[in-house]
Amino acid sequence: MADTRQNERERTAYHEAGHAVAYLVAGRTFRYVTIRPRSAGITGQVYVRPRRIDSIQLAVIAHCGPIAEGRFLLANTTEDEMEEGGMEPEDIIMSAYLENGRGDLETVRYALTNYGSCSDVVEEVASAILDKQWGAVNA
Ligand SMILES: [Zn+2]
């Protein structure tokens, strides 16, 4: 998959759509979602109304961005590209965490510090939400 500016915009859109859908599943509303160019790339944000949120929900919502972005990248990477790069599907998902999801990982760490550790379960819940709501993310 060519790493163009359009591609960067799309992967950011999937990332933010993942967070946005997860907020809706959690019963939260958001004011708007942005995707904008920055000098160091394109970033986005989901603007929610300030309200207390359960730590586990926050961690799940944080995971949904990088996972949705990773699924988009995976869907747009050919088997030849994977083979050339010596990549497995997990590597592509991981690249979404490392490139655009560092802030989300901080949020997960913060949220789970308040609650205790169950990060595997939280990531599985985030994946299950995206499985069920992929049509909405993809819209
Ligand atoms: Zn994010």
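Side notes on the structure shown:
- Residue check, Asn138 surrounded by 13 or more Cβ atoms within 10 Å (Cβ to Cβ), at pLDDT 90 or above and closer than 26 Å to Gln6 by Cβ: yes
- Checking each residue in region 17-31 for being part of a helix (DSSP H, G or I) and over 17 Å from Ser95 (Cβ atoms) picks out Ala17, His19, Ala20, Val21, Ala22, Tyr23, Leu24, Val25.
- Some residue of region 14-21 being surrounded by fewer than 18 Cβ atoms within 10 Å (Cβ to Cβ), at pLDDT 85 or above and more than 11 Å from the ligand (Cβ to nearest atom): no
- For Asp54: the one exception among (1) within 14 Å of the ligand (Cβ to nearest atom); (2) without any contact (Cβ under 8 Å) to a residue 60 or more places away in the chain: (1)
- Residues that are under 20 Å from Ser127 (Cβ atoms) and buried (at least 17 other Cβ atoms within 10 Å of the Cβ) do not occur anywhere in region 28-43.
- The single condition among (1) within 13 Å of the ligand (Cβ to nearest atom); (2) over 25 Å from Asp120 (Cβ atoms) that Asn100 does not meet is (2).
- Of all residues in region 73-114 being of a type outside the set (A, V, I, L, M, F, W, C) and in a loop (DSSP other than H, G, I, E, B), the one that is farthest from Gln45 (Cα to Cα): Gly86
- Criterion (of a type in the set (Gly, Ala, Ser), out of contact with any strand residue (DSSP E or B) (no Cβ under 6 Å at 6 or more places or on another chain), farther than 18 Å from Gln6 by Cα and buried (at least 17 other Cβ atoms within 10 Å of the Cβ)) met by exactly one of Ala62, Ala96, Ala68: Ala62
The values are calculated or read from the model by the stated rules, or taken from the named source; none is laboratory data. From a predicted model like this one, the values you see are computed outputs, not experimental measurements. Glycine gets a Cβ as well: all are built from the backbone with ideal geometry, and neighbour counts include every protein chain shown.
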